[in-house]
Amino acid sequence: MTFIIIGLNMRGPILIDCDTAIGALEKAAELIRNGYADVLIADDEGVQYAPCEFVRRFDL
């Protein structure tokens, strides 16, 4: 399953692909630590989750 991590900073949006759920969560946490806002993780069906929802949905 492929995940897309979405974040927004002063320069604009960023989109990052990731192949694993744990990798997507780690990348989302890194973006938040680096000051990105509105960080979301989308699954391969296009459903977007906030990181806390993603943890519950994928039992991480």
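Sequentially through region 20-30, phi angles give Karplus couplings (6.51, -1.76, 1.60; θ = phi - 60°) of 10, 5, 5, x, 5, 5, 4, 5, 4, 4, 5 Hz, Gly and Pro residues having no value and appearing as x.
Here the alpha carbons of the chain define both size measures, Rg and Dmax, at 10.4, 33 Å. For the chain, the 222 nm mean residue ellipticity estimated from helices alone, with every DSSP H stretch of n ≥ 4 adding -39500 (n - 2.57) and the total spread over all residues, rounds to -10000 deg cm²/dmol. The string of couplings for region 37-43 from the Karplus curve (6.51, -1.76, 1.60, θ = phi - 60°) is 10, 6, 6, 10, 10, 9, 8 Hz, one whole number per residue in order, with x for Gly and Pro. Counting only protein heavy atoms and a probe of 1.4 Å, the accessible surface of the chain is 54% carbon and sulfur. Once the Cβ-Cβ distance of Asn34 and Arg57 is raised to the sixth power relative to R0 = 30 Å, the FRET efficiency obtained is 0.80.
The values are calculated or read from the model by the stated rules, or taken from the named source; none is laboratory data. It should be emphasised that the depicted structure is a prediction, and the values quoted were computed from it without experimental measurement. Counting neighbours? That spans all protein chains shown, and the Cβs are built from the backbone with ideal geometry, glycine included. These accessible areas exclude ligands, DNA and RNA; they are computed on the full protein's heavy atoms, side chains included. Shrake-Rupley method; radii C 1.70, N 1.55, O 1.52, S 1.80 Å.
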